[in-house]
Amino acid sequence: MRKYAPELLDLERELAVFLRRARAFSGELSREVHPELEPAAYGLFVRLEEVGPQRATALAAFFGVGKATVSRQLRALENLGLITRSPDPADGRASLVHLTAQGHDRFSRVRDARRTEYVRKLAAWDRLEVAELARLLHQLNELVDTES
């Protein structure tokens, strides 16, 4: 039987707890944007806000899910008037997904409330600790990206 270092087991346990809580939190945030949204929708808002208009295929690749999954999620957002599509100037056969004004406003309100909550919860942390956590999470995300 293969043995694993205790710190690796600790990391695995803490990531499992963190990911479960993050999924539940994303569900809450999505429902705050609109009661009919599923949890994954919040991540789409974050990505579109961060990088601007995207093709559905780029969103699927970024999140590591199938195009059919993203298409279904985008269709739901479009039906609620939270996103819109426009022709991609680089390829007229494709379209770019944009946040609508309503989608942007709703997302911004929820995002700002979430950020305020992070500030409150991390108030006792030193800013360097917060920066180190962000750096390490980025490093982990980069590792996962290169493994895909």
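The values are calculated or read from the model by the stated rules, or taken from the named source; none is laboratory data. All values derive from a computational prediction rather than experimental measurement. Counting neighbours? That spans all protein chains shown, and the Cβs are built from the backbone with ideal geometry, glycine included.
Would you be able to say whether some residue in the stretch 106-114 is in contact with a strand residue (DSSP E or B) (Cβ under 8 Å, 6 or more places away or on another chain) and either at pLDDT 95 or above or surrounded by 15 or more Cβ atoms within 10 Å (Cβ to Cβ) (or both)?
Quick first cut of the stretch 106-114, residues in contact with a strand residue (DSSP E or B) (Cβ under 8 Å, 6 or more places away or on another chain) only: 107.
Of the ones still in play, those that are also either at pLDDT 95 or above or surrounded by 15 or more Cβ atoms within 10 Å (Cβ to Cβ) (or both) are 107.
Yes, the stretch 106-114 has at least one match.
List the helices (runs of 4 or more DSSP H) that sit entirely inside the stretch 1-73 and contain at least 3 residues that are exposed (fewer than 14 other Cβ atoms within 10 Å of the Cβ) and without any contact (Cβ under 8 Å) to a residue 12 or more places away in the chain. Don't jump to the end; show me each part of the working.
Numbers: elements: 6-33, 40-51, 56-63.
Passing ranges, in order: 6-33.
For the stretch 23-57, name all the residues that are of a type in the set (Gly, Ala, Ser) and either within 10 Å of the chain's Cα centre (by Cα) or at positive phi (or both).
Keep residues of the stretch 23-57 that are of a type in the set (Gly, Ala, Ser), which gives 24, 26-27, 30, 40-41, 43, 52, 56.
If the condition is that a residue be of a type in the set (Gly, Ala, Ser) and either within 10 Å of the chain's Cα centre (by Cα) or at positive phi (or both), then 26, 40, 41, 43, 52 are the ones that fit.
Would you check if residue 78 is surrounded by 12 or more Cβ atoms within 10 Å (Cβ to Cβ), within 21 Å of residue 32 (Cα to Cα) and without any contact (Cβ under 8 Å) to a residue 40 or more places away in the chain? Working first, answer last.
Details: surrounded by 12 or more Cβ atoms within 10 Å (Cβ to Cβ): yes; within 21 Å of residue 32 (Cα to Cα): yes; without any contact (Cβ under 8 Å) to a residue 40 or more places away in the chain: yes.
Taking the combined requirement at face value, the residue satisfies it.
Could you tell me which residue of the stretch 81-129 is nearest to the chain's Cα centre (by Cα), considering only residues that are more than 12 Å from residue 49 (Cβ to Cβ) and aromatic (Phe, Trp, Tyr)?
118
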